[in-house]
Amino acid sequence: MITLAPRHRSASLTRMVEYVLPQHANIGSTVFGGQIMAWVDLCAAICAQRHSGHPCVTAFVDDLLFKRPVRVGQVVRLRAQIVATFRTSMEIDVDVSGEDTVTGEVWPTVEARVVFVAMDEARKPAPVPPLLLESDADRAAQGAAEERRKARLAKR
Ligand SMILES: CC(C)(COP(=O)(O)OP(=O)(O)OC[C@H]1O[C@@H](n2cnc3c(N)ncnc32)[C@H](O)[C@@H]1OP(=O)(O)O)[C@@H](O)C(=O)NCCC(=O)NCCS
């Protein structure tokens, strides 16, 4: 069995910035929740692929809470980072903020947690490098993610 070298979280940290245009918005001129979900999925997919070195598919999206809207002309900022790795899957947190580039205000919009599975050339789940766990906080986060993983798999 091949043992993959652990990878640092910073190697896959992914940031995206999206300018909210009329085609992203509802009739109230605030961005569609589904549009934010699509950006969350993309940002987390890039993070998963950077970490694993494989194409990845979305396996599970945890509950999403939309805290405050973002309007046309404002900006959506996304930041995805790996929380934990399992054998072929990874748990990724995505923080989403709104930004008004005129006033400089920044506000939390969504916190999302997504699970991606790495796929090999035969479209079968592929082993991923473990996340480098450097601190007690890192190890606690991996432990908490293992509990969430059990709960997700129980829903299958
Ligand atoms: C996700 C998927 C690849 C899992 O395939 P599978 O045949 O169930 O494979 P396995 O049982 O070997 O599971 C593979 C990994 O997926 C994880 N997984 C499967 N279902 C899961 C779920 N509901 N929640 C979280 N992780 C899940 C397993 O825990 C395993 O990870 P691990 O190796 O780290 O433990 C498969 O269900 C699939 O292709 N789903 C559709 C994905 C998709 O189309 N996404 C949207 C477009 S990208």
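Of all residues in region 47-77, those being open to solvent by less than 70 Å² (accessible area, probe 1.4 Å) and either closer than 25 Å to E147 by Cβ or not in a strand (DSSP E or B) (or both) number 17.
Quick grid of which residues meet (1) more than 30 Å from L4 (Cα to Cα); (2) touching a helix residue (DSSP H, G or I) at 6+ places or on another chain (Cβ under 6 Å); (3) among the small types (G, A, S); (4) modelled with pLDDT of 95 or more:
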{"site": "V31", "(1), (2), (3), (4)": "yes, yes, no, yes"}
{"site": "H54", "(1), (2), (3), (4)": "no, no, no, yes"}
{"site": "V57", "(1), (2), (3), (4)": "no, no, no, yes"}
{"site": "R68", "(1), (2), (3), (4)": "yes, no, no, yes"}
{"site": "V75", "(1), (2), (3), (4)": "yes, no, no, yes"}
{"site": "L78", "(1), (2), (3), (4)": "no, yes, no, yes"}
{"site": "T103", "(1), (2), (3), (4)": "yes, no, no, yes"}
{"site": "W107", "(1), (2), (3), (4)": "yes, no, no, yes"}
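Each residue in region 1-46 was checked for being more than 30 Å from T85 (Cα to Cα), open to solvent by 80 Å² or more (accessible area, probe 1.4 Å) and either among the hydrophobic types (A, V, I, L, M, F, W, C) or in contact with a Gly (Cβ under 6 Å, 6 or more places away or on another chain) (or both), and 2 of them qualify.
Annotation: R156 fulfils all but one of (1) modelled with pLDDT under 95; (2) more than 10 Å from the ligand (Cβ to nearest atom); the unmet one is (2). The residues of region 123-136 that are more than 19 Å from T3 (Cα to Cα) and either open to solvent by less than 70 Å² (accessible area, probe 1.4 Å) or among the basic types (K, R) (or both), listed by number, are R123, S135.
Among the residues of region 110-120, is there at least one that is charged (D, E, K, R), away from the ligand (no atom under 14 Å from the Cβ) and over 20 Å from the mean Cα position of the chain (by Cα)? No: zero hits.
Among residues of region 16-39 that are on the phi > 0 side of the Ramachandran plot, those with a beta-carbon under 7 Å from a residue that is in a strand (DSSP E or B) at least six positions away or on a different chain give the pairs S29/R71.
The values are calculated or read from the model by the stated rules, or taken from the named source; none is laboratory data. In this text, all values refer to a predicted model and were calculated from it rather than measured experimentally. Ideal geometry is used to build each Cβ from the backbone, glycine not excepted, and the neighbour counts take in all protein chains shown. Note: areas computed on protein heavy atoms with side chains; ligands, DNA, RNA excluded. Shrake-Rupley method; radii C 1.70, N 1.55, O 1.52, S 1.80 Å.
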